[in-house]
Amino acid sequence: MTETGLKTISIVMPCYNAEAYLPISIGSVLAQTRSDWELVVVDDGSTDHSWQTLQRFAAQDNRIRIFQQVNAGAAAARNRALREARGAYVAFLDSDDTWHPEFLDAMVTALNADPAAGIAYCGWRNIGLGGARDDPFIPPEYENKNKIESLLGGCRWPIHGALVHSQLILEAGCFDETLSSCMDFDLWLRLGTIHRLVRVPRVLAYYHHHGGEQITRNKARIAMNHWRAQQKFLTAHPGLDTSLGKSHIRDLTIGELLKRGYACYWQRDLPAARQIFRTVMKQGYGTLTDWKYMLPAWLPESWHRRLIGLRDRNT
């Protein structure tokens, strides 16, 4: 991160084929009640008119700084933006998500009120899933004796639901570019387990779901990368086998992978379920009932579908 023209907050935004969404995402930044920010956008090889849209926004506000690179993925785009960032704090906003106008103000206030804290996190709301899945959610207090266990179990806030001290991200090594998803989970796991967390009990981040180029659409990739991030963290912290117990760790990791496999199975995303089930079986995890569901994943997919059809008819 550079020092010239220091701002209080650097907002990091990767962009890939987001032409249709940039006006609302950047609009939510322009609507913030704080003005001491810079928006650093990296266009990650978009093939639509994202770059031209970004150029128009940058021409209208010099706090918006834009960069281009050959397509290398979201992690690489965020890391490029971090190298260009000049803020004491960093927030992340994807090019198709939005914030409440008071997001930056509330998050900076929370961190300033607790000098020992490294990360502030807030509540969020899904938009576009439908039904109860769009209900606002405020996460619980994670700064407690079970923090490591809680953070290891899953990504507890979305990437745009947090504010962090810039220096901490640099010390942690930024985003892991080998992960095609769950790179935020990997970062929060590395940071949140060693730095104090402060909760902002307000819904300030909005996660927009749509049919575009969203990482979250590939359920198998998410599940496998989630598990890989967990394994990476456990390898770096071998003492957790003793403090949490090997059996409990397996439940938090392989058990979570199995749950995701079942979710894909019942949604009839069979290719994803089969990939996940095979990985779980290779780890020797699950009950006899689990294995009855998982074992057909070794059959040709057409046979597997026939077995499911027979089971459905019999039940």
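The values are calculated or read from the model by the stated rules, or taken from the named source; none is laboratory data. Computed from a predicted model, the values in this text were never measured in an experiment. All Cβ positions, glycine included, derive from the backbone under ideal geometry; neighbour counts span all protein chains shown.
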Next on the checklist: For the range 154-164, check the following and say yes or no: at least one residue is in contact with a Ser or Thr (Cβ under 8 Å, 6 or more places away or on another chain), buried (at least 17 other Cβ atoms within 10 Å of the Cβ) and closer than 16 Å to Arg78 by Cβ.
Outcome noted: no
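Which of the following residues is closer than 22 Å to Phe103 by Cβ, in contact (Cβ under 8 Å) with a residue 24 or more places away in the chain and either of a type in the set (Val, Ile, Thr) or out of contact with any Leu (no Cβ under 8 Å at 6 or more places or on another chain) (or both): Trp157, Trp124, Trp188? Write out each step before concluding.
Details: Trp124 fails: either of a type in the set (Val, Ile, Thr) or out of contact with any Leu (no Cβ under 8 Å at 6 or more places or on another chain) (or both); Trp188 fails: either of a type in the set (Val, Ile, Thr) or out of contact with any Leu (no Cβ under 8 Å at 6 or more places or on another chain) (or both).
Result: Trp157 is the single residue among Trp157, Trp124, Trp188 that is closer than 22 Å to Phe103 by Cβ, in contact (Cβ under 8 Å) with a residue 24 or more places away in the chain and either of a type in the set (Val, Ile, Thr) or out of contact with any Leu (no Cβ under 8 Å at 6 or more places or on another chain) (or both).
Can you name every residue in the range 127-136 that is free of Cβ contacts under 8 Å to residues at least 60 places away in the same chain and either crowded, with 17+ Cβ neighbours inside 10 Å or at positive phi (or both)? Walk me through it before giving the result.
Within the range 127-136, the first condition is being free of Cβ contacts under 8 Å to residues at least 60 places away in the same chain, and the residues that meet it are 130-135.
Within the range 127-136, Gly130, Gly131 meet the criteria.
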Next on the checklist: Going residue by residue through the range 189-206, is there one that turns out to be at pLDDT below 95, of a type outside the set (Gly, Ala, Ser), surrounded by fewer than 19 Cβ atoms within 10 Å (Cβ to Cβ) and not assigned by TED's automatic domain parsing to the domain that holds Ile276?
Outcome noted: no
Checklist entry - Condition test on Ser150, is it touching a residue at least 24 places away in the same chain (Cβ under 8 Å), closer than 21 Å to Thr193 by Cβ, polar (S, T, N, Q) and in the same structural domain as Leu30 (by TED's automatic domain parsing)? => result no
Next on the checklist: The conditions are (1) among the hydrophobic types (A, V, I, L, M, F, W, C); (2) surrounded by fewer than 20 Cβ atoms within 10 Å (Cβ to Cβ); (3) within 30 Å of Ala20 (Cβ to Cβ), and Ala117 fails exactly one of them. Which is it?
Outcome noted: (3)
Checklist entry - How do the helices (runs of 4 or more DSSP H) wholly within the range 216-315 filter down when requiring 1 or more residues that are within 25 Å of the chain's Cα centre (by Cα), surrounded by 12 or more Cβ atoms within 10 Å (Cβ to Cβ) and in contact (Cβ under 8 Å) with a residue 40 or more places away in the chain: which remain? => result 219-236, 240-243, 246-266, 270-282
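If you check Asp241 against the conditions, is it closer than 30 Å to Asn146 by Cα and modelled with pLDDT under 95?
On the way: closer than 30 Å to Asn146 by Cα: yes; modelled with pLDDT under 95: yes.
The answer is yes for Asp241.
Can you list the strands (runs of 3 or more DSSP E) lying wholly within the range 1-94 that have 2 or more residues being under 26 Å from Leu204 (Cα atoms), under 23 Å from the mean Cα position of the chain (by Cα) and of a type in the set (Phe, Trp, Tyr)?
Working: elements: 7-15, 37-44, 64-69, 87-92.
Of the strands (runs of 3 or more DSSP E) lying wholly inside the range 1-94, those with at least 2 residues that are under 26 Å from Leu204 (Cα atoms), under 23 Å from the mean Cα position of the chain (by Cα) and of a type in the set (Phe, Trp, Tyr) span 87-92.
For (1) buried (at least 18 other Cβ atoms within 10 Å of the Cβ); (2) farther than 19 Å from Leu168 by Cα, each residue gets a yes or a no:
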| residue | (1), (2) |
| --- | --- |
| Leu22 | yes, yes |
| Ser35 | no, yes |
| Gln55 | no, yes |
| Asn62 | no, yes |
| Gln69 | no, yes |
| Gly87 | yes, no |
| Phe103 | yes, yes |
Checklist entry - Taking the condition in a loop (DSSP other than H, G, I, E, B) and surrounded by fewer than 22 Cβ atoms within 10 Å (Cβ to Cβ), does Pro139 pass? => result yes
